[in-house]
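*Asks:* Questions regarding the structure given below will be posed in turn.
The values are calculated or read from the model by the stated rules, or taken from the named source; none is laboratory data. Please read these numbers as outputs of a predicted model, since none were measured by experiment. No Cβ is skipped: glycine too gets one built from the backbone with ideal geometry, and neighbour counts run over all protein chains shown.
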């Protein structure tokens, strides 16, 4: 079964007096590349959150955004009395000089920097455990999307490989005729330019055998079939992450197709080679999305 690298997950849940909202999305990427946005309350746990995401998602370009809402609870604040007193004397003197209403001094003091500060909130162990469940829920939802898209990828890749093998079978049927045409063509050209009586037939036969062996594409066809069979066997494995391995096999398939085309010297075989290259490029594009 294949897993795509593309997916989206979202989970929201109340934990104590807080509501955690986690959104995770993933796109294809060569490695695990994470962009994470988290509130300050979770900063001490950022390393743990990154490890969870990497362990569960393995590969891809991942973006994780986490929100925290206070669930309607008021947050306590702290008033720095000493600082307020230090501010008060010069403000009071200035108010008197300007004949301002002294009743406004308190409201002015409370707006000054660091006089009123929110109390530092700390995530408890229970809150952290509850948050992990929210995070895992979002990740699981994303992985469900990956599995659903992976099924479509697998179906398409099997079609591409089957089409490559169909064209390989066509080439195998054309191969004996190709060799005969090449042999007859060379003999005809030699006879037209040198005359039949002016060459050694035994020597010509030896040279033809050597020449045709260099143009033989049997090994390429055998390796191509083996690579395609190996590709299908990898698809059938239970291993979750197999995109890199499939990409390597695609490179080998492409090498055999290209070599076949360079040795062919046959228009009908070249047509099948072009069709195989087209299927190969489509398969490569799909493999880029495989986990």
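*Asks:* Condition test on residue 184, is it at pLDDT below 90 and not in a helix (DSSP H, G or I)?
*Replies:* Criteria not met by residue 184.
*Asks:* Now for a separate question. Of the residues 43, 111, which single one is at pLDDT below 85 and farther than 30 Å from residue 2 by Cβ?
*Replies:* Checking each option against the conditions leaves just 111.
*Asks:* In addition: What tally of residues in region 34-58 results from selecting those that are within 12 Å of residue 123 (Cβ to Cβ) and within 11 Å of the chain's Cα centre (by Cα)?
*Replies:* Qualifying residue count for the region: 0.
*Asks:* Out of 171, 161, which single residue is touching a helix residue (DSSP H, G or I) at 6+ places or on another chain (Cβ under 6 Å) and at pLDDT 90 or above?
*Replies:* Just a single option satisfies the conditions, and that option is 161.
*Asks:* Would you point out the residue of region 229-260, among those that are buried (at least 18 other Cβ atoms within 10 Å of the Cβ) and over 25 Å from the mean Cα position of the chain (by Cα), that is modelled with the lowest pLDDT?
*Replies:* The selected residue is 260.
*Asks:* Another question about this same structure. Could you give every pair whose Cβ atoms fall below 6 Å, whose first residue belongs to region 250-279 and is not assigned by TED's automatic domain parsing to the domain that holds residue 231, and whose second residue is part of a helix (DSSP H, G or I), counting only separations of at least 6 or pairs across chains?
*Replies:* Close Cβ pairs (under 6 Å, with a partner that is part of a helix (DSSP H, G or I)) do not exist here.
*Asks:* I need the full set of residues from region 14-33 which are buried (at least 16 other Cβ atoms within 10 Å of the Cβ) and over 11 Å from the mean Cα position of the chain (by Cα), in order please.
*Replies:* Matches in region 14-33: 15, 18, 19, 20, 22, 23, 24, 25.
*Asks:* Kindly indicate the residue of region 1-12 that is surrounded by fewer than 19 Cβ atoms within 10 Å (Cβ to Cβ) and farther than 12 Å from residue 136 by Cα and also nearest to the chain's Cα centre (by Cα) among those meeting that condition.
*Replies:* Applying the filter and picking the extreme gives 8.
*Asks:* Which count do you get for residues in region 35-51 that are surrounded by fewer than 16 Cβ atoms within 10 Å (Cβ to Cβ), in contact with a helix residue (DSSP H, G or I) (Cβ under 9 Å, 6 or more places away or on another chain) and not in a helix (DSSP H, G or I)?
*Replies:* Qualifying residue count, region 35-51: 1.
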